[in-house]
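Values in this text are rule-based calculations from the coordinates and carry no lab data. What you see is a predicted model, and the numbers here were worked out from it, not measured in a lab. Here the Cβ is made from the backbone with ideal geometry for all residues, glycine too, and neighbour counts use every protein chain on show.
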Amino acid sequence: MAANADLFNKIRTALVDALGVDEDEVTPEATLVGDLGAESIDFLDIVFRLEKAFDIKIPRGELFPEDILTSTQYVQQGKLTPEGLAELKKRMPFADLDEFGKDPVVKNFVNQLTVQDMVRYVESKLATTA
Amino acid sequence: MRWIWIDKFVEFESGRRARAVKNLSLAEEHLHDHFPGAPMMPNSLIIEGLAQTGGLLVGERYAFEKKVILAKIPKATFHFPAIPGDTLTYTAVIEDINDDGGRVTCTSHVGDRLQAEVELVFAHLADDGRPRKLFEPKNFVFTLKLLGVFDVGGGPDGKPIPEPPGLARLRANVGANDTGL
């Protein structure tokens with residue numbers, strides 16, 4: 001539990017520094033875009049800070065698989081196809097995509113990612129490098 | 001007027017850090033408007049100078065092959081106004097850099113006094129094939145020569161920074177000579 005609290009605190013610091021939000025705004029349920037106001041360039045900033053804070057490498061597209069969301073193979077009429085959704089779930093095992101999966105409109109995707117997803121992502125990275 | 005907000009580089013360590021100076025003179029026209037009777041260097045232009053210092057550092061890391069733009073200013077703190085007669089020393093340090101961009105921490109000093117602390121995030125523009133006119137090659141070549149990047153530059157091993165192939169190509173394309181004039 002203590003390790004989890006430490007991990008959450010480090011992520012919160014990264015988000016406070018990158019997004020200029022208050023500490024108490026960074027709750028596990030908060031969405032990065034909707035609640036914390038993250039824009040696309042902020043994700044690069046956040047990735048840099050997480051890499052430094054946890055001494056990990058985050059390859060492009062791992063935390064935010066933009067390639068799937070912009071793929072003509074996986075996106076039709078603004079929605080992810082079942083294959084696209086399956087691919088997204090495979091690439092983002094740390095994220096809870098059940099709600100998004102009910103109506104996978106791509107433009108709503110950015111509002112899915114929560115602080116808790118990010119915590120799970122970092123946990124999974126640390127588990128594989130340990 | 002050229003959009004150059006540093007006077008020259010005094011240190012340039014490839015991929016790591018750079019220092020540049022900016023002398024403030026009452027002859028600079030903008031200081032008469034900012035503010036009448038109380039001239040001070042606009043903080044936005046100090047950020048621009050820091051961004052030019054850090055941006056060239058980031059650009060050099062990939063041999064100027066990538067298009068570097070200032071994408072974000074996560075933090076900017078100014079401790080006192082910079083006024084005519086001051087020499088600002090800008091220091092930029094690369095904290096993180098990868099194919100997508102770089103994060104740079106910067107300071108501005110007047111003598112030993114810390115005048116400003118600024119964080120900057122640069123992005124590498126994706127080359128999507130569309131023509132972009134953000135950069136004027138001729139000015140860019142001249143600017144690098146005039147600012148003395150290659151006079152003071154060195155790698156971590158202390159060896160001089162060679163002019164990157166991309167720069168030589170750029171110079172050939174615009175017909176500039178070695179003096180940069």
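Think of each Lys and Arg Cβ as +1 and each Asp and Glu Cβ as -1; about the Cα centre, that makes the dipole of the protein assembly as shown roughly 1020 debye. What the pair-distance distribution of the protein assembly as shown shows, using all Cα-Cα distances binned every 20 Å from zero, is 28, 50, 22, 0 percent. Kindly list the residues of the stretch A:34-54 that lie in the label zone of A:Asp6, defined by a backbone N under 16 Å from the point 7 Å along the Cα-to-C-beta vector. What the label zone holds, given the 16 Å backbone N cut-off, is A:53-54. Sequentially through the stretch A:57-64, phi angles give Karplus couplings (6.51, -1.76, 1.60; θ = phi - 60°) of 10, 10, x, 4, x, 7, 7, 10 Hz, Gly and Pro residues having no value and appearing as x. Mean silhouette area of the stretch B:8-129, derived from the convex hull of its C-alpha atoms and averaged over all directions, reads 8.1 nm². Annotation: amide H-H contacts under 5 Å for A:Lys79 (H modelled 1.01 Å from N, sequence separation of 5 or more, or interchain): A:Val106. Modelled spin-label separation between B:Ser25 and B:Glu95, with each label point placed 7 Å from Cα along the Cα-to-Cβ direction: 3.5 nm.
Is the stretch A:9-122 best put as rounded, prolate or oblate by its Cα gyration tensor, with a ≥ b ≥ c the root eigenvalues, rounded for a/c under 1.5, and otherwise prolate when a/b is larger than b/c, oblate when not? Prolate, since a/c reaches 1.5 and a/b exceeds b/c.
Separation of the stretch A:5-40 and the stretch B:35-97, taken as the distance between their Cα centroids, equals 27 angstrom. Shape descriptor for the stretch A:65-112: Rg over Rh equals 0.90 (Cα atoms; Rh from the Kirkwood inverse mean 1/r). The long axis of helix A:82-91 is offset from the longest Cα principal axis of chain A by roughly 20 degrees.
Compared with the dominant principal axis of the Cα atoms in chain A, helix A:115-129 is inclined by about 80°.
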